[in-house]
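Asks: Handing you a structure now.
Taken together, the values in this text are just the output of simple stated rules run on the coordinates, not laboratory data. Predicted model, so just to flag it, every value in this text is computed and none were measured. We place every Cβ from the backbone using ideal geometry, glycine too, and count neighbours over all the protein chains shown.
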């Protein structure tokens, strides 16, 4: 008999909704990936590296040229210098980087503050390492952090605080005031901050991404995670990276070397060269803001309540104004009866806290967005009365 280490974890909601979408030939606005290709130039660079013979193991911390390019970008954007030799590691995607950081830092009995709704990989990895997730609930529609209440969760057992901005699934962003407050909160403690910043280049409406890197008190105690897949529309290449002070990165690499050892070599060389084209990430916010704005313009006249996303490529829609149906039931019916797949936001809470909100991904071509919204506009509110399943 096999005894599960995480018995309450099943198939992720993302897989479930994508499978349901395929079964009913629905427009899939659930899982968070673009349906369009990455740059032809990036593909050509990858192919060039294949032909050049860069097909064997990369160095364990990553190809140095890529680490150096990341260090330069970080200096340019956030004004802090990271040593590419000792403070930057290339990972097999951001999820692996998150797993590695938690595994390296969390010991039996350590408490980790998790702000929910949260990316679904955080809590299981904390538990696998003997840690205790301490959940803090963010509430619709603003999902703002009440720092006075959050501070009450912090004590001598707190090892880690996990933050995520721009935030998946809500599309909110942390402000300078948020990070300054966090800086004061951790001052004089041994708390480490794990900052999930995979959507760092997707921020809207003239706002800027507030990274912990820009705050010295936070930078000296933070592991920062980012993702090439999110930035360059190549999620399937599974390349991300982590930045941290040398003492923390040393522990990170001890785990990294036994989890994956090395990451896709030709992709690393391709990204290193592609990063010379700074417009690819500097103009990404404009690219996705146009998609967000177009998606919202199509939704005018729909029964949903909209709070525009401030970042990421996700948009939340509330149906609380016309139905009391659970969001999981609502999302299921939306696929089966209307042919549109979304993600119920309660699935991002450990206790399935239901606020009648669904997450939609707008990283899609315009024709797909148009097709999806055309179906959403056909919703009949009477179809979503609880019991009408």
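Asks: Nearest 10 degrees, 0 to 90: what angle lies between the long axis of helix 13-23 and the longest principal axis of the chain (Cα atoms)?
Replies: Tilt relative to the chain: about 50 degrees.
Asks: Still on this structure, I have one more. Please report the antiparallel percentage of DSSP beta bridges with both residues in the range 40-277, rounded to the nearest 5. All intermediate terms of the calculation are to be shown ahead of the outcome.
Replies: Working: 8 of 27 bridges.
Here the share of antiparallel DSSP bridges comes out near 30 percent.
Asks: Still on this structure, I have one more. Using the alpha-carbon centroid of each, what span in Å lies between the range 234-293 and the range 1-67?
Replies: Here the two parts' Cα centres lie 13 Å apart.
Asks: While we're on this one: What spacing in nm lies between the two simple spin-label points modelled at residue 146 and residue 60, each 7 Å away from Cα in the Cβ direction?
Replies: That separation, rounded to one decimal, is 4.6 nm.
Asks: So between residue 180 and residue 72, what do we pick up on full extension, going 0.36 nm a residue minus the alpha carbon distance? Intermediate values should be presented prior to the final figure.
Replies: Working: separation 108, 0.36 × 108 = 38.88 nm, distance 2.48 nm.
Once the chain is fully extended between residue 180 and residue 72, it gains 36.4 nm.
Asks: Let me ask something additional. Suppose the chain between residue 107 and residue 258 were pulled fully straight at 0.36 nm per residue; how much longer would it get relative to their current alpha carbon spacing? Before the final figure, lay out the partial values.
Replies: Working: separation 151, 0.36 × 151 = 54.36 nm, distance 1.77 nm.
Gain on extension, residue 107 to residue 258, equals 52.6 nm.
Asks: What order do you get for 79-89, 194-204 when each peptide is scored by the mean count of other beta carbon atoms within 10 Å, highest first? Walk me through the numbers on the way to the answer.
Replies: Numbers: 79-89: 17.9, 194-204: 24.8.
Peptide ranking by packing, descending: 194-204, 79-89.
Asks: Output the peptides 12-23, 328-339, 166-177 sorted from most to least packed, where packing is the average of other Cβ atoms within 10 Å over each peptide's residues.
Replies: Details: 12-23: 16.1, 328-339: 19.6, 166-177: 21.7.
Highest-to-lowest ranking by the protection proxy: 166-177, 328-339, 12-23.
Asks: Sticking with this one: Cβ neighbours within 10 Å, averaged per peptide: list 265-277, 287-299, 140-152 in order, most packed at the top. Don't skip to the answer; put the middle values down first.
Replies: Details: 265-277: 20.9, 287-299: 17.4, 140-152: 13.7.
Top of the packing list down: 265-277, 287-299, 140-152.
Asks: Give me the angle, in degrees from 0 to 90, between the Cα long axis of helix 64-78 and the longest principal axis of the Cα atoms of the chain, rounded to the nearest 10.
Replies: 70 degrees
Asks: Note down the nm distance, to one decimal, between modelled labels 7 Å out along Cα→Cβ at residue 370 and at residue 24.
Replies: 2.4 nm
Asks: Along Cα→Cβ, 7 Å out, is where each label goes; now give me the distance between the ones at residue 380 and residue 14 in nm to one decimal.
Replies: 3.6 nm
Asks: OK, next. If the chain between residue 136 and residue 306 were fully stretched, how many nm would it gain, using 0.36 nm times the residue separation less the Cα-Cα distance?
Replies: Numbers: separation 170, 0.36 × 170 = 61.20 nm, distance 2.38 nm.
Value of the extension gain: 58.8 nm.
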